[in-house]
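The values are calculated or read from the model by the stated rules, or taken from the named source; none is laboratory data. Values in this document were obtained by computation on a predicted structure and should not be read as measured data. Cβ coordinates were reconstructed from backbone atoms using ideal geometry, including for glycine residues, and neighbour counts include every protein chain displayed. Only protein heavy atoms, including side chains, enter the accessible area calculation; ligands, DNA and RNA are left aside. Shrake-Rupley method; radii C 1.70, N 1.55, O 1.52, S 1.80 Å.
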Amino acid sequence: MKKGMLCTAAGLLFAGFGCTKTETAVVSQANKASYTVSASVGGAAMEAGPMSVTGETTASNSNTLTDAAFLAASASSNLLEIELGTLAAKLASNQEVKRFAQMMVEHHTKASEEQKTMAAQLNIALPSTMLPEHQALADKLKGKTGKDFDVSYMDLMETVHKQDIALFEAKSKSAESPVVKVFAAKTLLMLQSHYMAATRIEDKVD
């Protein structure tokens, strides 16, 4: 994976997520989980936003997130994984990339459904569309084909899973609700497995 490029995301509001004071507060919290990492996405750096930092999402930042904000941010990440997995299953030229993409759709769809059930029990509203920073990452794959698509997709999968791991690891220790803590710990194992697979495949196609 190409090193040294800064991939950042601006902290914006969810489109259509709601406009009550409570929902706005949750959205603001969720944006603190912005996935800002030292990595290139598709070979080009994203513009630095007001919350951009180098390095990984830190445990201290993740620990300040409420459970509602954590679930909102992770729900957006699931939407990203599902949308891009569906796209990659169709467009990828490498068969191993295709299989990985199909696995992302299956696993993250299941995680998303489990999360929706849990959020409903906790009376927490989840976004139906991606956070702007996730949408910006998805847009990076537009127009790409062949090996260029494969490399960009796997770069992105490695990046997003690395950041999700940091977020879920922190919340598996600091969640307010026991059920959220269990969910975070369980999903963390899946994310770690995905990251290892993404790294291995990315090295092959790069």
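Some points to look at:
- Selection from segment 109-127 of residues that are closer than 15 Å to Ala184 by Cβ and open to solvent by less than 40 Å² (accessible area, probe 1.4 Å): Ala111, Ser112, Gln115, Met118, Ala119, Ile124
- Residue match in segment 197-205 (condition: of a type outside the set (Lys, Arg), without any contact (Cβ under 8 Å) to a residue 24 or more places away in the chain and either under 15 Å from Ser77 (Cα atoms) or open to solvent by less than 60 Å² (accessible area, probe 1.4 Å) (or both)): no
- Filtered residues of segment 49-91 (kept if open to solvent by 60 Å² or more (accessible area, probe 1.4 Å), within 17 Å of Leu156 (Cα to Cα) and at pLDDT below 95): Thr54, Glu56
- Residue match in segment 155-167 (condition: open to solvent by 10 Å² or more (accessible area, probe 1.4 Å), without any contact (Cβ under 8 Å) to a residue 12 or more places away in the chain, of a type in the set (A, V, I, L, M) and closer than 15 Å to Ala111 by Cβ): no
- For segment 168-194, the candidate set comprises residues that are in contact (Cβ under 8 Å) with a residue 24 or more places away in the chain, under 20 Å from Gln121 (Cβ atoms) and charged (D, E, K, R); within that set, the residue that is surrounded by the most Cβ atoms within 10 Å (Cβ to Cβ) is Lys171.
- Which numbered condition Ala138 fails, given (1) open to solvent by less than 70 Å² (accessible area, probe 1.4 Å); (2) in a helix (DSSP H, G or I); (3) touching a residue at least 60 places away in the same chain (Cβ under 8 Å); (4) under 22 Å from Ala92 (Cβ atoms): (3)
- Test: residue in segment 94-103 that is over 16 Å from His194 (Cα atoms), open to solvent by 10 Å² or more (accessible area, probe 1.4 Å) and not acidic (Asp, Glu): yes
- Selection of segment 137-177 for residues being among the aromatic types (Phe, Trp, Tyr) and either under 17 Å from Leu188 (Cβ atoms) or in contact with a strand residue (DSSP E or B) (Cβ under 8 Å, 6 or more places away or on another chain) (or both) yields only Phe168.
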